[in-house]
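Read through the structure below, which is laid out as structure tokens, and then see the notes.
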Ligand code: HMG
């Protein structure tokens, strides 16, 4: 049931919206002030019903080597140990020459879906016969892309159950290209409607199999060893973890979450649509009918060889990329100039992230490294001030088990000690 105050809420100014929410939800003056303080110049232009900005921490991966070039990659993420792990994995791979990334042409696909089709073969023949016209229709809808050397390049037909999907393949050059492809697909849909066909919908597909990015790497035994385990044993155990993710969906999902830890963080920092990449990645993980780990690690005579392929239809222009000041600065830091370069870097980062997680899981377990970094968040969550955090985290090392309750108790003790000093 709609409430009086939320009708036409979108027509109000951010200030008016905050005022209403403050009254409706009993926000304290400090909470209301917090919302106002974090309002940004562009927020209200970028999203609807805008009230404030939600900030996430940004850090950098400093040593990612891809195709011989060393990158510093901004990452935006709220979870402790993700950036540390990315650095850890990337450093081990850099010692063996870094990541090798393929450099293939990339295209996006727009679907024009027809329904109530009596004779699918007739559509296939029509699309073949009218290929030039259809490409012209698509390109006329967004001519600037063709002028840049891109644009609609081919159109094919696919049966999808009782539907026919007319797929429009578009080279979107350096852009993310979703709006371009949608505009072209709608123009082609209009053409089909004019020929008397029933068009159900026209929309970009995020299953970007024509924007696949593959990266490979090697890691030497010496760079895998821990204080208590030889590099040979660690390598074998990582290869076994990889085999496990290939056969067990429970493990595969977690393995892939670890890969996406780094990929999403880099995508957010680069202003890309990480939801599109996430959905494409998980669909790709299921391409053979069952969900599997996206990465592969194999034992060699000298160490491990790793491989990761993902649909990576990213862009370096368009969307909110040019609008967000921090995104613009991030491109200066990463020195990434093209969409292909960004795709190569992002997928390499995913494989580095995966290596660090698997090495931890196959040796000491995740908690040892991860929890050490998580402790700072735990300290903040029980109310430690920034000056108390170091002391509190230090005191955790004397405990056999640390949780919220223990952390609160330790914080109280620290405060008592300080007040006695
Ligand atoms: P370590 O081996 O104890 O670190 O790693 P180290 O002190 O030996 O340092 C080695 C290198 O690691 C450093 O080289 C840095 O590159 C990096 P240096 O600069 O000293 O020459 N490094 C750091 N970089 C930035 N900040 C730091 C830092 N520490 C080390 N603070 C570490 C400790 C936590 C990195 C390691 O144990 C690790 O990689 N663990 C995995 C952590 C992880 O994956 N976290 C993600 C959250 S858990 C999750 O969501 C995913 C998961 O479920 C996925 C899956 O199941 O597959 C695990």
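The values are calculated or read from the model by the stated rules, or taken from the named source; none is laboratory data. Worth saying up front: this structure is predicted, and the values here are computed from it rather than measured. As a convention, Cβ positions derive from the backbone with ideal geometry for all residues, glycine included, and neighbour counts pool all protein chains shown.
Structure summary
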item: Lone unmet requirement of (1) out of contact with any helix residue (DSSP H, G or I) (no Cβ under 7 Å at 6 or more places or on another chain); (2) surrounded by fewer than 17 Cβ atoms within 10 Å (Cβ to Cβ); (3) farther than 24 Å from residue 315 by Cα for residue 165; result: (2)
item: So residue 67, is it surrounded by fewer than 12 Cβ atoms within 10 Å (Cβ to Cβ), on the phi > 0 side of the Ramachandran plot and in contact with a strand residue (DSSP E or B) (Cβ under 9 Å, 6 or more places away or on another chain); result: no
item: Sole residue being under 30 Å from residue 44 (Cβ atoms) and part of a loop (DSSP other than H, G, I, E, B), chosen from 320, 279; result: 320
item: Scope the stretch 221-259; condition assigned to a loop (DSSP other than H, G, I, E, B) and either modelled with pLDDT under 95 or more than 27 Å from residue 283 (Cα to Cα) (or both); matching residues; result: 224, 225, 226, 227, 228, 229, 230
item: Where a residue in the stretch 320-333 is farther than 22 Å from residue 179 by Cα and its partner, wherever it lies, is at pLDDT 95 or above and exposed (fewer than 15 other Cβ atoms within 10 Å of the Cβ), with Cβ under 7 Å and at least six apart; result: 333/72
item: Residue list for the stretch 1-52, filter: surrounded by 15 or more Cβ atoms within 10 Å (Cβ to Cβ) and under 30 Å from residue 263 (Cα atoms); result: 35, 39, 40, 43, 44, 50, 51, 52
item: Of all residues making up the stretch 76-95, the number that are outside any helix (DSSP H, G or I) and either within 8 Å of the ligand (Cβ to nearest atom) or closer than 9 Å to residue 59 by Cβ (or both); result: 5
item: Within the stretch 145-160, tally of residues that are assigned to a helix (DSSP H, G or I) and surrounded by 12 or more Cβ atoms within 10 Å (Cβ to Cβ); result: 2
item: Test: residue 292 is modelled with pLDDT of 95 or more and over 23 Å from residue 60 (Cα atoms); result: yes
item: Residue in the stretch 109-122 that is at pLDDT 95 or above, within 16 Å of the ligand (Cβ to nearest atom) and over 25 Å from residue 211 (Cα atoms) present; result: no
item: Residues of the stretch 354-373 that turn out to be under 13 Å from residue 254 (Cβ atoms), more than 6 Å from the ligand (Cβ to nearest atom) and either free of Cβ contacts under 8 Å to residues at least 40 places away in the same chain or surrounded by fewer than 19 Cβ atoms within 10 Å (Cβ to Cβ) (or both), as a count; result: 0
